[in-house]
Amino acid sequence: MGIVTILQPAVSKALSKLYTLEIAASTILITETKPDFDGDYTVVLFSFVKNLKKSPEQIGKELGEELLSTNKNIFVSYNVIKGFLNLTIADNYWIDFLTENYTNNNFGKKDPLNKRVMVEYSSPNTNKPLHLGHLRNNFLGWSIAAIFKQNGYDVIKTCIANDRGIHICKSMIAWQLFANGATPDSTDIKGDHLVGDYYVQFGYELKKQIDQLVESGISKDEAEKEAPIMKAAQQMLIDWEAGKPAVIELWKKMNSWVYDGFAKTYNRIGSDFDKTYYESNTYLLGKEMVEKGLKKGVFEQEEDGSVWIDLTADGLDRKIVRRRDGTAVYMTQDIGLAELKQQEFNSSLSVYVVGDEQNYHFKVLKLICQKLGLPGAEGIFHLSYGMVELPSGRMKTREGNVVDADDIVDEMESISAKHTQELGKVKDFTNEELKALYHTIGLGALKFFLLRVDPKKKMIFNPEESIDFHGFTGPFVQFSYARARSILRKELPINQSCKEPLQILEKKLIIELEKYETIITQASEEMNPSVIANYVFKVAQTFNSFVTELRVLTAETADKKELRLQLCVLTAHVIQSAMSLLGIEVPERM
RNA sequence: GGUCCGGUAGCUCAGUUGAAUAGAGCACAAACCUUCUAAGUUUGGGGUCAUUGGUUUGAAUCCAAUCCGGAUCACCA
């Protein structure tokens, strides 16, 4: 329980006693005191003024006296400036907090809630390798799942493989036309990259054919439909849905190449799932749901056979849910998936980590599920995140200006190797240990970079400048951990309580660490890992100031040494725990 | 055009259930390693919080209008 949740009821009680004014504890505004003023936490008094018809200074004084006299073990002094009551918390309170929690390996972890949430993320298309945007998605989804777990939820991580559709057929057609039977083994190219290369080649060939048709006097729209390679892809989709053996065989073969490639990347970046769904399965259930919806009158059928839902009464448009030829659209399979997830896991909340370009889609999906009366409809939540853009604009696979996931991880690792070698602090490491360290630091830098920004905001990545290893970064936080561990390798605290007054840097660090549990809750409520990233950076920063200015092992007194060792232990724990919620490991040495 | 999202330091971002003089990091200038890891610490300069008006004791935060940028509104996924 955080200090604020202790202070609020105390203030509420005092107001009731002094003025018979009843104010709900949770609505009382208590903030950390700004550094320029004297005190630890501040009660903002303005909101009481109207009710009490007294000056804020008067209220502050009376409230301060009351709090001090009834909570002698918590408060030592107060001061009032304008409408702010600044309270100084007793050193003993902070020291007790530290001594009680530094040995607690579960500090920050909440009790089980007996509530289940599903988090769907990654959702790759099986026609191209993962890029930087997918990494943001994977890191976000994994982290949010970890944050839910930390808060006591039962979490199911799922992935939907978008393994069917016209886009998959495009890479298949291009492979048939241009590959001469090339395989990952024969070319020594990772499967997802090999298939992606043909998807890109499809785009080039299509453009070439369109240009030719346009030159011969056909309109551009018409040319797109008439291009032979496009017609071949469309025919292949029809054959696929019809189950034509040769097409299915090719589809299975190429998808298996892609899955092999994905598995390597997922393993490397630490993404994992409890359950993977395949669109090639869910679209059938989706079609059944469309039939049911037709009977219920939720959907309507056009004369040409296509099926629609009219959402104009809800301020949206009419949306197709099944094509004229009876095949499934994107929405069809997502309705099926929503139903399937609910049947299988029956969670109260189902989070979809998907880019903000699909905001409209998910708005419609939820509305349709509600209208169909699906049990899980209310729990559908689209966690919408912004695109990762390059300085030149959006990444587009078809245009070839993407930052490939495997490449960027390689680059991060080699930068971390370069820095590590320059610093020369781990010359005694074996090659194995070095490799592991480069991975920990490189991937840590990348994950931190992508998670420190509010998910809903789009972000810009400049490949020219590459990711920094100083300041507000993963390696900075990792370094702080290694520094704490380095001290603790020499000596550990012996579980005594410090009797001396706290110095400012000691107190600042305890106050920062004490916030951890509140931060965990906030991150979960907001489904926002950047809350954790910002917090753990602050902890690392505060710790670095502390450890630079004050001696630990050669402290002035035994009491101080004990206190500071305890601070090192709790700091290391909080950093390790918070970073683990971001999917980032911390090294003992670096 | 409709709907939605965004605009905070040169750059990348915090801060938005209204609250004290708007904060970090990078970059720039300077100081600090015979002393627990300098991937560090300390100090400094740098802001019309897109613009205008409104509500309020109090607005980066709420409301309205305007400007700029983006997404989306497909028988693509």
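The values are calculated or read from the model by the stated rules, or taken from the named source; none is laboratory data. This structure is a prediction, so every number in the text was calculated from the model and none was measured. Cβ placement follows ideal geometry from the backbone for every residue including glycine, while neighbour counts extend to all protein chains displayed.
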- Message: Among the residues of segment A:194-231, what is the count of those that are over 20 Å from A:THR397 (Cβ atoms), among the aliphatic types (A, V, I, L, M) and either touching a residue at least 40 places away in the same chain (Cβ under 8 Å) or in a helix (DSSP H, G or I) (or both)?
- Response: 3
- Item | Some residue of segment A:538-549 being over 27 Å from A:ILE74 (Cβ atoms), within 11 Å of RNA strand B (Cβ to nearest atom) and buried (at least 20 other Cβ atoms within 10 Å of the Cβ) | yes
- Can you tell me which residues in segment A:466-524 are within 14 Å of RNA strand B (Cβ to nearest atom), over 21 Å from A:THR548 (Cβ atoms), crowded, with 20+ Cβ neighbours inside 10 Å and modelled with pLDDT of 95 or more? A:ILE519, A:ALA523
- Residue satisfying all of: in segment A:12-38; of a type in the set (A, V, I, L, M, F, W, C) and closer than 22 Å to A:ILE510 by Cβ; nearest to RNA strand B (Cβ to nearest atom) among these: A:PHE37
- Item | Test: residue in segment A:445-463 that is within 10 Å of RNA strand B (Cβ to nearest atom), free of Cβ contacts under 8 Å to residues at least 24 places away in the same chain and either crowded, with 18+ Cβ neighbours inside 10 Å or assigned to a loop (DSSP other than H, G, I, E, B) (or both) | no
- Which of the residues that make up segment A:295-317 are under 23 Å from A:ARG164 (Cβ atoms), surrounded by 12 or more Cβ atoms within 10 Å (Cβ to Cβ) and free of Cβ contacts under 8 Å to residues at least 60 places away in the same chain? A:PHE299, A:SER306, A:VAL307, A:TRP308
- Identify the single condition in (1) touching a Lys or Arg at 6+ places or on another chain (Cβ under 6 Å); (2) assigned to a helix (DSSP H, G or I) that A:LYS560 does not satisfy, given that it satisfies every other one. (1)
- Residues of segment A:1-11 satisfying the condition of being within 11 Å of RNA strand B (Cβ to nearest atom) and loosely packed, with under 13 Cβ neighbours inside 10 Å: none
- Residue check, A:SER480 against (1) part of a helix (DSSP H, G or I); (2) under 24 Å from A:VAL402 (Cα atoms); (3) of a type in the set (Gly, Ala, Ser), all met but one. Which one? (2)
- Message: Just to verify a result, which residue in segment A:240-288, among those that are without any contact (Cβ under 8 Å) to a residue 60 or more places away in the chain and of a type in the set (Lys, Arg), is nearest to A:VAL117 (Cα to Cα)?
- Response: A:LYS287
- Filtered residues of segment A:367-405 (kept if surrounded by 19 or more Cβ atoms within 10 Å (Cβ to Cβ), at pLDDT 90 or above and closer than 21 Å to A:SER466 by Cβ): A:VAL388, A:ASP404, A:ALA405
- Note on the structure: Checked segment A:48-86 for anything in a strand (DSSP E or B), in contact with a Leu (Cβ under 7 Å, 6 or more places away or on another chain) and not aromatic (Phe, Trp, Tyr); matches are A:LEU85
- Only listed residue being buried (at least 20 other Cβ atoms within 10 Å of the Cβ) and either of a type outside the set (Ser, Thr, Tyr) or at negative phi (or both), chosen from A:LEU68, A:LEU87, A:LEU52: A:LEU87
- Item | Boolean, A:ILE467 is within 20 Å of A:GLY583 (Cβ to Cβ) and more than 23 Å from the chain's Cα centre (by Cα) | no
- Message: Can you confirm whether A:TYR41 is surrounded by 15 or more Cβ atoms within 10 Å (Cβ to Cβ) and more than 9 Å from RNA strand B (Cβ to nearest atom)?
- Response: no
- Within segment A:87-121, which residues are assigned to a strand (DSSP E or B) and of a type outside the set (A, V, I, L, M)? A:THR88, A:ARG116, A:GLU120
